[in-house]
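The values are calculated or read from the model by the stated rules, or taken from the named source; none is laboratory data. Worth saying up front: this structure is predicted, and the values here are computed from it rather than measured. Here the Cβ positions follow ideal geometry from the backbone for every residue, glycine too, while neighbour counts run over all protein chains shown.
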Amino acid sequence: MEGVCRDGMPEAVVALTGASGAQYCVRLIEALVEHKWSVNLIVTSTGAINLDLECGITPRELADREGVNLEDNENLAARAASGSARFDAYVICPASGTTIGKIAAGISDNLATRSALVAMKERRKLIVIPREAPYSTPHLKAMYNLSEWGVVILPASPGFYHSPRDIGDLVDFVVARILDQLDIEHSLGKRWTGEEVGAED
Ligand SMILES: Cc1cc2nc3c(=O)[nH]c(=O)nc-3n(C[C@H](O)[C@H](O)[C@H](O)COP(=O)(O)O)c2cc1C
């Protein structure tokens, strides 16, 4: 994928919102940095609670690596709030039902929702990673609409067909699918070969 910002490095906006599954975002950021992407990171206030609860780190600590820039979710004057600032991709990981509902309703009241609506109006790649069980009807309808409008709905639903050994394998399964969507060549997890079923061992 051709980069447009930061000395030709591809650049993503990544929003960590208040759904469970902060580990997916931590791993995604590691993978993006490893693949020489730069990241504009947005963490909502409930996202920060889950990041602490599930990973024991602060947004500042998550952003403490080369190529990651932590944005203030309340700053609607940040670069990501404008369509004139070009980014290669926008990922909401994990995505709360609240953020999904707001985006589907066209509400851009913080940087996480505003950057998503910028992605949609500019017809850029927006990948949304919902995590909820079960889903409410309003959130299902919101996801249906977003999908119809070109947004990739990529649920945090890891497959088990690759015999995961630990949580890291399950996290990697989902992050691998996000990297696939970003056209990033990676070696996270195993790919299905078609020869697994019926194999001797
Ligand atoms: C500990 C905790 C866990 C939560 N888990 C989820 C979840 O898995 N999925 C979800 O859609 N909302 C979840 N929520 C609710 C959202 O955080 C809430 O809807 C919030 O308004 C989201 O705001 P945000 O999208 O701006 O981060 C959780 C809230 C808390 C405090």
Odd one out for Ala81 among (1) crowded, with 16+ Cβ neighbours inside 10 Å; (2) near the ligand (Cβ under 10 Å from one of its atoms): (2)
Residue match in the stretch 72-80 (condition: out of contact with any helix residue (DSSP H, G or I) (no Cβ under 6 Å at 6 or more places or on another chain) and within 21 Å of Gly21 (Cα to Cα)): yes
Residue match in the stretch 93-100 (condition: away from the ligand (no atom under 16 Å from the Cβ), on the phi < 0 side of the Ramachandran plot and out of contact with any helix residue (DSSP H, G or I) (no Cβ under 7 Å at 6 or more places or on another chain)): no
Positions within the stretch 13-27 being in contact with a helix residue (DSSP H, G or I) (Cβ under 7 Å, 6 or more places away or on another chain) and surrounded by fewer than 24 Cβ atoms within 10 Å (Cβ to Cβ), in sequence order: Gly18, Ser20, Gln23, Val26, Arg27
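Among the residues of the stretch 30-51, how many are away from the ligand (no atom under 16 Å from the Cβ) and touching a Pro at 6+ places or on another chain (Cβ under 9 Å)?
First, pick out the residues of the stretch 30-51 that are away from the ligand (no atom under 16 Å from the Cβ): 30-40.
With touching a Pro at 6+ places or on another chain (Cβ under 9 Å) added as a condition, the list becomes 32, 35-38.
Total meeting the criteria: 5.
Yes/no matrix, rows are residues, columns are (1) part of a loop (DSSP other than H, G, I, E, B); (2) near the ligand (Cβ under 10 Å from one of its atoms); (3) surrounded by fewer than 16 Cβ atoms within 10 Å (Cβ to Cβ); (4) touching a residue at least 12 places away in the same chain (Cβ under 8 Å):
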position: Asn73; (1), (2), (3), (4): yes, yes, no, yes
position: Ala77; (1), (2), (3), (4): yes, no, yes, no
position: Lys102; (1), (2), (3), (4): no, yes, no, no
position: Asp109; (1), (2), (3), (4): yes, yes, yes, no
position: Thr113; (1), (2), (3), (4): no, yes, no, yes
position: Ile129; (1), (2), (3), (4): no, no, no, yes
position: Lys141; (1), (2), (3), (4): no, no, yes, yes
position: Asn145; (1), (2), (3), (4): no, no, yes, yes
Check on Arg60, of a type in the set (D, E, K, R), under 27 Å from Met143 (Cα atoms), at pLDDT 95 or above and more than 14 Å from the ligand (Cβ to nearest atom): no
